[in-house]
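Each value in this text was obtained by applying a stated rule to the coordinates, not by laboratory testing. The structure displayed is predicted, hence computed values, not measured ones. So basically every Cβ, Gly included, is an ideal-geometry build from the backbone, and we count neighbours across all protein chains shown.
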Amino acid sequence: MRSPVLKNILAAVLGYLVMFAVAFPLFSLMWVVLGADGSFEPGGWETTGAWIGASILLGAVVAIAGGFVCSKFAANRNGVAILIGFVIVVWLVGMVSAAPDAATVVGVRPEDVSMFDAMTSAQPPDWMRWLNPVFGVIGVVLGAKLEQSRRAARSEP
């Protein structure tokens, strides 16, 4: 591939796809392990400390994996910058369109909660909504640095 711009864009897309591919099973497993009672405060949709802590940890794994893969296939650092842009844009779109509004999530949480209902009705603390992209960017940068360190170690005599 001759165009470094195209290579960087494709590397960023691949990094984002890896993030999705890693996130979905990890967060699904976390839902299975914690269940509704471990994920939400009693009777409501506010997320528990266990969910918040685990999601920060798993989110770091997801972002590091995406940054690592993007860096591996990018022509230069701009690929990682594009992936960081994707993370920020997806966060902004989510904040505007998909974030549940506290006014729309009313009533008592039912006993049986599907994973879809949990994803659409969860009420994380506001600070978590704002720090998620920060954690994502840091994870992407760490993943890229990890891959660059691996590459440098392989090229040493």
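Among S97, P125, A21, whose Cα sits farthest toward the positive end of the charge dipole of the chain (+1 at Cβ of Lys/Arg, -1 at Cβ of Asp/Glu, about the Cα centre)?
The Cα lying farthest towards the positive end belongs to A21.
P(r) tail for the chain, what percent of Cα pairs lie past 24 Å?
Of all Cα-Cα pairs in the chain, 40 percent lie more than 24 Å apart.
Taking trypsin sites (Lys or Arg not before Pro) as exposed when DSSP calls them loop (any state but H, G, I, E, B) and at most 15 other Cβ atoms lie within 10 Å, what is the longest stretch of the chain free of them, the sites themselves excluded?
Here the longest run is 78-157.
Placing +1 at every Lys and Arg Cβ and -1 at every Asp and Glu Cβ, with all other atoms neutral, what dipole size does segment 4-150 have around its Cα centre, in debye to the nearest 20?
I would put it at about 980 debye.
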